Amino acid sequence: MTTVAGVIVFKAKPGLGEEVARRVAAALPAVETERGTLLWLVLRSNADADRIFLVDLFDGEQSLTNHMNGDAASLIFATVPGLLAEDPEMHPSTVVAAKTTR
């Protein structure tokens, strides 16, 4: 099982959650070219519309490093920070349990 994951939490300025989600999601074409990124989700909280979660799963540490230094991350960090109420929370993570479909 792949165990390398990441979660980034973006807290948008009040009322800008939809725009932050749109800008983060705009990186999808770049992510689609990354061989080692197995899962990439952009989620907008139903409990707080100004909180956006980016969840990803990688086939190894090198793929995580490549992703964080790649076009998707560059696009996000070039277009999103001015809309945020605080710095993004980065949570490098280890998968403990998972259910997948294939």
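The values are calculated or read from the model by the stated rules, or taken from the named source; none is laboratory data. What you are looking at is a predicted structure, and each value in this text was computed from that prediction instead of being measured. Every residue, glycine among them, receives a Cβ derived from its backbone with ideal geometry; neighbour counts consider all protein chains shown.
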Options Ala30, Ala26, Ala12: the member that is in contact with a Gly (Cβ under 9 Å, 6 or more places away or on another chain) and either closer than 18 Å to Leu75 by Cβ or aromatic (Phe, Trp, Tyr) (or both): Ala30
Only listed residue being assigned to a loop (DSSP other than H, G, I, E, B) and in contact (Cβ under 8 Å) with a residue 60 or more places away in the chain, chosen from Ala98, Ala49: Ala98
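Filter region 1-23 down to residues that are assigned to a helix (DSSP H, G or I) and either of a type in the set (Gly, Ala, Ser) or in contact (Cβ under 8 Å) with a residue 12 or more places away in the chain (or both) and give me whichever is surrounded by the fewest Cβ atoms within 10 Å (Cβ to Cβ).
Restricting to residues being assigned to a helix (DSSP H, G or I) and either of a type in the set (Gly, Ala, Ser) or in contact (Cβ under 8 Å) with a residue 12 or more places away in the chain (or both), the top hit is Glu18.
Conditions tested, residue by residue: (1) outside any helix (DSSP H, G or I); (2) at pLDDT below 95.
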position	(1), (2)
Arg35	yes, yes
Leu38	yes, yes
Leu43	yes, no
Ala73	no, no
Ile76	no, no
Among (1) modelled with pLDDT under 95; (2) under 16 Å from Leu16 (Cα atoms) - the single one Gly60 does not satisfy: (2)
Members of region 78-102 that are closer than 17 Å to Ala30 by Cα and either at pLDDT below 95 or surrounded by fewer than 17 Cβ atoms within 10 Å (Cβ to Cβ) (or both): Ala78, Thr79
